[in-house]
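The values are calculated or read from the model by the stated rules, or taken from the named source; none is laboratory data. Being a predicted model, the structure only gives us computed values, none of them experimental. Note that we place each Cβ from the backbone using ideal geometry, even for glycine, and neighbour counts take in every protein chain shown.
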Amino acid sequence: MKNKDRLDREKEFHNEAFATGKRKKVKKYYKTTDRSKNFYRDKIHKDVAGKSVLEYGCGPGSQAFSLATAGAKVTAIDISEVAIEQTKAEAEKQGLEMECFVMDAEDLSFDDHSFDRVCGSGILHHLDLDRCYKELRRVLKPGGSGIFFEPMGYNPVINLYRKMTPDLRTDDEHPLLNEDFELAGTYFDEVNPHYFHLTSIAASFIPVASAQSALAGPLNGLDSVLFKSLPFLKKYAWITVVELKTTAKNHSA
């Protein structure tokens, strides 16, 4: 019952978010994350032609369309009926073929070993990760991988911002912690988190997008140096792009 209540809350929140476009109001603050977003896009598009790809969490601004354009066989799911309707409409507008389903990422209806790649942006931290990882491992083909763009949960500045903007997030979401990567290691053969944005967070508070980009460039470079020379700072990153890999010889989770 508790899990159903949580899923109902998530569905209600995201139906409203997609219907009203509430998240578009804060996009100007996220120009700083271009570096991590580009890294994520490059990862999920690498050698994707002819591969079967499942996107967790879709909508009119998702990566499903560019993946399909690049030659992937795309399936997109979301818990929100509004998101699926908008995804289908955008796919039809672009003349792209893809399958779209309203579905719970913790209880997938796909057969075992259905996908070469599973990806998603800002989705894992809304899920029960034990259930999610188990399903993700099940539907990946041997040698397949999951690639996800997610927020981290340790940075005090970002956590303060989260407290100040409760209407932009659900009650049940949980930005990722180190133990979430450790849990992933019980299901996957490789867990590779990549970390982004520490000092570059400061650029998010500049209201002019061009100025944000100008400052974010050198600060992102500084972040890379800091993460390499002082690894303990990685946990304070704003964003992680995490790769979850299976070996060619799969096993049951």
Restricting segment 102-141 to residues that are free of Cβ contacts under 8 Å to residues at least 60 places away in the same chain and among the small types (Gly, Ala, Ser), the residue that is surrounded by the fewest Cβ atoms within 10 Å (Cβ to Cβ): Ser109
Whichever residue in segment 18-72 is of a type in the set (Ser, Thr, Tyr) and either touching a strand residue (DSSP E or B) at 6+ places or on another chain (Cβ under 8 Å) or at pLDDT 90 or above (or both) and, among such residues, is nearest to Phe115 (Cα to Cα): Ser52
Boolean, Asn220 is surrounded by 14 or more Cβ atoms within 10 Å (Cβ to Cβ), over 24 Å from Asp104 (Cα atoms) and polar (S, T, N, Q): yes
Lone unmet requirement of (1) of a type in the set (A, V, I, L, M); (2) buried (at least 18 other Cβ atoms within 10 Å of the Cβ); (3) assigned to a loop (DSSP other than H, G, I, E, B); (4) over 15 Å from the mean Cα position of the chain (by Cα) for Ala68: (3)
Filtered residue count, segment 37-65, keeping only those that are crowded, with 23+ Cβ neighbours inside 10 Å, within 19 Å of Ile84 (Cα to Cα) and either over 17 Å from the mean Cα position of the chain (by Cα) or of a type in the set (Ser, Thr, Tyr) (or both): 1
Residues within segment 168-190 that are modelled with pLDDT of 95 or more and β-branched (Val, Ile, Thr), tallied: 1
Matching residues, segment 128-168, being under 22 Å from Ala203 (Cα atoms) and either outside any helix (DSSP H, G or I) or in contact with a Pro (Cβ under 6 Å, 6 or more places away or on another chain) (or both): Phe149, Glu150, Pro151, Met152, Gly153, Tyr154, Asn155, Thr165
Pair list, Cβ < 7 Å and 6+ apart or interchain, from segment 36-49 residues that are under 12 Å from Ser121 (Cβ atoms) to residues that are part of a helix (DSSP H, G or I): Ile44/Leu67
Selected residue (only one of Leu140, Leu177, Leu198 is more than 15 Å from Thr33 (Cα to Cα) and in contact with a helix residue (DSSP H, G or I) (Cβ under 9 Å, 6 or more places away or on another chain)): Leu177
